[in-house]
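Working notes for the structure below.
Readers should treat all values here as calculations from the given coordinates under stated rules, not as data from a laboratory. Just so it is clear, the model here is predicted, and its values are computed rather than measured. Cβ coordinates were reconstructed from backbone atoms using ideal geometry, including for glycine residues, and neighbour counts include every protein chain displayed.
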Amino acid sequence: MHRISRRAFLAAAPALLGSCGKRNRIRLALNWKPDPQFGGFYAAPYQKHGLEVDILPGGAGTPTVQMIGAGSAEFGIVSADELVLARSRGNDVVAVFAVFQNCPQGIMAHASRHLASIGDVLQEGTLAIQRGLPFARLLEKKYGFEHVKVVPSPGGDISAFLRDEWFAQQCFVMSEPLQARHAGVDVTVFPVADIGYNPYTTVLAASGAQISRDAGLVKSMVSAVREGWRSYLDNSKPTNTRMHERNPSMDLATFEEVAQAQKPFIDTRETAQAGLGVMTAERWKTLITQLAELGDVPQAFPAQDCFRNF
Amino acid sequence: MKKILPPLIPFVAVTVLVEALVRGGFVPSYLVPAPSAVLRALMDNRAELATAMGKTSAAAFLGFALSTLAGIGTAIALSSSRAIQRSLYPYAVFFQTVPIIAIAPLLVIWFGYGMQTVIACAFIVSIFPVIANTLTGLLSTDPALRDLFRLYGASPGVTLVKLRFPAALPQILTGLRVASGLAVIGAVVGEFIGGEGLGSVVDVARTQQRVDKVFAAVLLASVLGLALFGLINLISALTLRHWHASEQA
């Protein structure tokens with residue numbers, strides 16, 4: 001009896017596994033705490049697309065791109081430049097959905113300094129910036145860091161900025177400047193795109209192996225995420241409430257404000273035609289040329305392998 | 001040769017194994033760099049790494065020197081009276097439990113960007129083992145010898161300098177050995193937030209996904225820790241060899 005039941009079980013196992021597999025359990029690694037830049041990922045109707053997604057919040061320096069390559073997360077949030085670098089180091093990671101069509105990275109300085117351009121910021125005082133980032137190195141190459149004291153970026157913390165008029169820091173143009181204004185400091189913001197550097201940011205990526213193994217699953221994921229972003233753009237309140245519960249350090253009003261401020265970066269003229277998250281080879285080529293100028297990747301690095309629209 | 005060979009064997013074995021695993025494609029090089037790649041990173045960036053190493057060394061050494069002085073001083077004060085010890089020792093324990101990564105950004109606000117913050121980090125992380133070990137040493141003087149000093153009418157100061165402190169040396173040096181490694185860790189953590197040095201190199205290389213360079217900088221930080229450790233061992237050998245069993249074998 002025992003033997004028969006065991007054999008019966010073994011025979012039935014594939015069917016059982018098959019029925020479990022109907023809902024695909026998937027991990028999505030974020031590179032920061034829950035905040036509006038991930039709104040659409042929290043709003044996405046995964047169940048409708050047959051997916052069960054565990055969103056893994058991150059922190060400063062969460063190596064999402066390595067996590068995707070190592071298989072410790074099926075999907076992850078990366079930036080376009082990070083992805084190109086990873087590919088050049090043999091980590092086969094592919095972009096499938098670009099949330100921010102325009103780079104929201106920038107530098108903020110005190111308005112009282114009356115600075116006219118990003119180059120002026122580098123003429124005196126202190127600049128807090130992540131030196132390893134390509135845009136920081138492009139700035140250094142273009143203007144030099146001889147006249148400014150460069151210190152590590154304090155993440156989203158603006159306390160040093162508030163205390164020192166001569167302190168400038170890298171920021172997300174819709175986030176830290178808002179906090180500074182709330183604290184009563186008037187700021188001037190210089191988007192990094194001003195110097196022509198404009199990579200896709202908050203990009204959903206998967207490993208090349210994952211895409212060739214199960215393109216259908218990736219397609220379901222992208223569809224769910226696209227719907228999520230649409231609904232978040234239309235009505236961010238319910239999702240913001242949920243994200244605020246997971247990240248109480250940002251108050252609900254700020255969640256709302258940032259969600260409004262980031263809209264033009266996500267919903268652009270191109271996405272109105274081609275759909276949210278869609279990428280072009282042209283943009284990837286421009287980025288590769290810029291990274292090649294820095295000596296990070298070879299000039300002939302193939303752009304079309306970096307992304308795939310679903 | 002007898003001393004060098006035993007630790008060298010596992011080092012060579014592990015190095016060869018990792019190299020083989022990476023070259024054979026079993027471990028991707030963007031997760032673990034081949035030892036040969038780390039060596040190349042060391043060579044290619046030697047100027048930058050040397051400058052960084054110099055800054056980290058200076059900060060770690062100064063932080064360590066401060067905790068040595070302040071730690072031993074505090075322990076002497078604590079050992080002088082039970083009442084002082086009871087009221088202050090819990091606060092010394094506080095230093096051991098400080099999550100340095102959490103308060104490092106505050107240190108930047110108090111001391112500003114640069115070396116002061118890095119030294120403060122190294123100091124905070126490394127002072128407790130000095131206090132704890134020195135205190136144990138000072139409190140465990142042989143009672144018979146203490147009685148002898150009292151019998152001859154030695155003042156507390158003389159007893160401290162001629163008996164209690166020398167007798168506590170083995171424990172003090174143990175405290176310093178532990179503190180030396182911690183000072184290097186504290187300095188590197190401080191540099192993540194305060195800038196400059198090996199910590200800054202690690203931070204930048206990590207952003208650029210240069211695992212080889214990260215490991216090169218980490219390797220140098222361990223060399224620095226070993227150097228400080230070696231210095232304490234040297235002092236230990238010089239001061240203890242005539243009388244303490246630990247240095248006579």
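For an R0 of 25 angstrom, estimate the FRET efficiency from the Cβ-Cβ distance between B:Ile103 and A:Ser72 and round to the nearest 0.05. Computed FRET efficiency for B:Ile103 and A:Ser72: 0.25.
Note on chain B: with a GNM built from Cα contacts shorter than 10 Å, the maximum mean-square fluctuation among B:Leu66, B:Leu78, B:Leu106 falls on B:Leu106. Taking every alpha-carbon pair in chain A and binning the separations at 20 Å intervals from zero gives 31, 54, 12, 3, 0 percent.
The mean count of C-beta atoms from other chains within 10 Å of the C-beta of residues in A:146-159, rounded to a whole number, is 3. The simple Förster model, with R0 at 35 Å and r as the Cβ-Cβ distance, assigns A:Asp120 and A:Ala274 a FRET efficiency of 0.45. Which whole-number percent of Cα pairs in segment B:22-160 have a distance greater than 23 Å? The proportion of pairs with Cα distances above 23 Å equals 58 percent. Please identify, among B:Leu220, B:Leu198, B:Leu21, the residue showing maximal mean-square fluctuation in a Gaussian network model of chain B using a 10 angstrom Cα cutoff. Largest GNM mean-square fluctuation: B:Leu21. Over all other residues within a Cβ to Cβ distance under 15 Å of B:Ser200, the charged ones net out to +2, with Lys and Arg as +1 and Asp and Glu as -1. Once the C-beta distance of B:Phe229 and A:Lys48 is scaled by a Förster radius of 41 Å, the resulting FRET efficiency is 0.10 to the nearest 0.05. Between amide H atoms placed 1.01 Å from N, distances below 5 Å from A:Thr126 occur with A:Lys149, A:Phe167, A:Ala168, all of them 5 or more places distant or on a separate chain.
Each Lys and Arg contributes +1 and each Asp and Glu -1, all at the Cβ; summed about the Cα centre of segment B:54-241, the dipole is approximately 420 debye. Distances between placed amide hydrogens fall under 5 Å for A:Phe97 paired with A:Leu204, all partners being 5 or more residues away or on another chain. For the protein assembly as shown, the equivalent ellipsoid derived from the Cα gyration tensor has semi-axes of 51, 31, 25 Å, listed largest first. For chain B, modelled as a GNM whose springs connect Cα atoms under 10 angstrom apart, the maximal fluctuation among B:Arg40, B:Arg23, B:Arg164 occurs at B:Arg23. With one equal scatterer per alpha carbon and no solvent term, the Debye-computed log10 I(q)/I(0) for segment A:151-310 at 0.13, 0.14, 0.17, 0.19 1/Å reads -0.86, -0.98, -1.27, -1.35.
Ordering A:Ser220, A:Ala292, A:Thr271 by Cα displacement along the dipole of segment A:209-301 toward the positive end leaves A:Ser220 in first place; charges were set at the Cβ atoms of Lys, Arg (+1) and Asp, Glu (-1). Charged side chains reduced to their Cβ positions (Lys and Arg at +1, Asp and Glu at -1) give chain A a dipole of some 1620 debye around its Cα centre.
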